[in-house]
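Notes for the one structure printed next.
The values are calculated or read from the model by the stated rules, or taken from the named source; none is laboratory data. Because the structure is a prediction, the values reported are computed rather than measured. When we count neighbours, we look across all protein chains shown, and the Cβ atoms used for this are built from the backbone with ideal geometry, even at glycine.
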Amino acid sequence: MFKASSLLRYYGWRIIKFVPLLATVLIFGMFIVPMIGHGPIWSTYETVMQPCGSYWWTVLLQINNFYPYNFDEKCMPWAWFIPALTQVSLVLPILAYIYKKATPHFTIIRIITILIVVGLATMNGLLVGYADVGAMPVRITPITTA
């Protein structure tokens, strides 16, 4: 059985492990890079970092991988993987506990696994249908020659 103190330590470590890193990158990207950056594609950087004025808090709460829904409004959209990893690792002890309790009953494990897979597939379908962004929110811009 899991001890509450070890579970809290695990959750705390997963959160503390990445929040300072993301906060440093956010501060650097919002305040330091604009003072030293320039060049032919500088407007692209400013466009990408512009949502951070409103949604900087999503990076610190590690929810910037799914909020806001529009990809162009996300603060630091390239950092989606770190919150996703943290969220998955926060659910992992719950799944491990269910597995440990259900080990003597393999039928229960199969049912729970099927329910989880069906639930996640349904959630994925609903999110993709609601957001209507397709598989990847990427735009291909044609190069025009003068």
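A few comments on the model shown:
- Taking the listed residues K100, K3, K74, the one that is under 29 Å from V128 (Cβ atoms) and of a type in the set (K, R) is K74, with no other qualifying.
- Residue check for L61: under 21 Å from K17 (Cβ atoms) and free of Cβ contacts under 8 Å to residues at least 40 places away in the same chain: yes
- Qualifying residue in the range 1-13 (condition: exposed (fewer than 11 other Cβ atoms within 10 Å of the Cβ), out of contact with any Gly (no Cβ under 6 Å at 6 or more places or on another chain), among the polar types (S, T, N, Q) and at pLDDT 90 or above): no
- Only a single item in (1) assigned to a helix (DSSP H, G or I); (2) closer than 30 Å to T47 by Cα is not met by C75, and it is number (1).
- Of the residues I94, I16, I82, the single one that is touching a residue at least 60 places away in the same chain (Cβ under 8 Å) and either in a helix (DSSP H, G or I) or touching a Leu at 6+ places or on another chain (Cβ under 6 Å) (or both) is I82.
- Which listed residue is modelled with pLDDT of 75 or more, within 30 Å of S5 (Cβ to Cβ) and not aliphatic (A, V, I, L, M), from K101, K74: K101
- Considered as a group, the residues in the range 14-53 that are farther than 30 Å from S89 by Cβ and among the small types (G, A, S) include one that is modelled with the lowest pLDDT, and that residue is G37.
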